[in-house]
Amino acid sequence: MKPTALITGASGGIGYELSLLFAKAGYNLIVVARSEDKLEDLRNELDGHPVTILPQDLSEPGAAQVVYDKVKELGLNVTVLVNNAGFGLNGLFEELPLLDQQKMLQVNVNALTELTHLFLPEIKAARFRSIPKGVLNIASTAAFQPGPKMAVYYASKAYVLSFSEALVEELKDTNVTISALCPGATETNFFKTAQAEHTKLVKQTMTPEAVAKSGFVGFVKGRRVIIPGPANQTMAYAAKLLPRSWAAKAAHYMDQ
Ligand SMILES: NC(=O)c1ccc[n+]([C@@H]2O[C@H](COP(=O)([O-])OP(=O)(O)OC[C@H]3O[C@@H](n4cnc5c(N)ncnc54)[C@H](OP(=O)(O)O)[C@@H]3O)[C@@H](O)[C@H]2O)c1
């Protein structure tokens, strides 16, 4: 039996590139997103590699359980869970529709937490010699400071980082790897979806290929926190040193 990676948000951007890397490393794939046609494109690009497509809107309450049940109906087990699906919304907290922000929390936080809870037992039990198993959560450099004009998004990524680091400690006596990938601005559909294409954030970006490679290599090496690129590493380090109020002002400046 081959190891299997379940990757959410595999229809584009960082998740698409991570899917290619996990497939190349020998993992069968289970890919989740709303855009079934783009998941089909991924399967076509992988030309014969085993890819199971599970179209699912993760903003729907209970979606993680639906995904888990479908995986079990298919008789599959997950070796690596990549919680990548996520999105941001740009604007003042009080002016952004509450329902949209709740959907963001459902995808970025609740689905990620529920999928981890559902699949962790079988990930722990998986027996593969010399092939990594665990959970790769996609956080962001947004996790390191408060983010005015993207308040809920930044807070959701702080949750992902804190949650991941806590699991590292809980699982330290197992061979389960838990990693939080914290990309900075990356050239994907993220800024269009977030309506943040006008901000300074888009001026210094990395490619999704480079971010995914950094995440994949870091996960294989068992790193707990992976920050791709020296500029993002410097920024994350500076955010840790600054008083929180200054870090919030810096994030606000970048959002203009
Ligand atoms: N790009 C950046 O600058 C940046 C920086 C730091 C962190 N990140 C994080 O990286 C991750 C990937 O984002 P990206 O940059 O690759 O953006 P992207 O190109 O917009 O990709 C987002 C992925 O998430 C999926 N997704 C969004 N809402 C979903 C929903 N309701 N149900 C299921 N899937 C959903 C999308 O698929 P469908 O639309 O097909 O459903 C897509 O595959 C996110 O967690 C994001 O927060 C991005």
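Just so it is clear, none of the values below were taken in a lab; they were calculated from the coordinates. A quick note: this is a predicted structure, and the numbers were derived from the prediction, not measured. Cβ: placed from backbone, ideal geometry, glycine included. Neighbour counts: every protein chain shown.
Here are a few things to note about the model shown:
- Annotation: of all residues in segment 205-230 being without any contact (Cβ under 8 Å) to a residue 24 or more places away in the chain and among the aliphatic types (A, V, I, L, M), the one that is nearest to the ligand (Cβ to nearest atom) is A210.
- Taken over segment 24-41, the criterion of being away from the ligand (no atom under 13 Å from the Cβ) and surrounded by 14 or more Cβ atoms within 10 Å (Cβ to Cβ) is satisfied by A25, Y27, N28, L29, I30.
- When segment 133-146 is filtered for residues that are within 16 Å of G86 (Cβ to Cβ), assigned to a helix (DSSP H, G or I) and either in contact with a Gly (Cβ under 7 Å, 6 or more places away or on another chain) or among the aromatic types (F, W, Y) (or both), only T141 remains.
- Listed by position, the helices (runs of 4 or more DSSP H) inside segment 204-256 whose residues that are under 20 Å from the mean Cα position of the chain (by Cα) number at least 3 are 208-220, 230-241.
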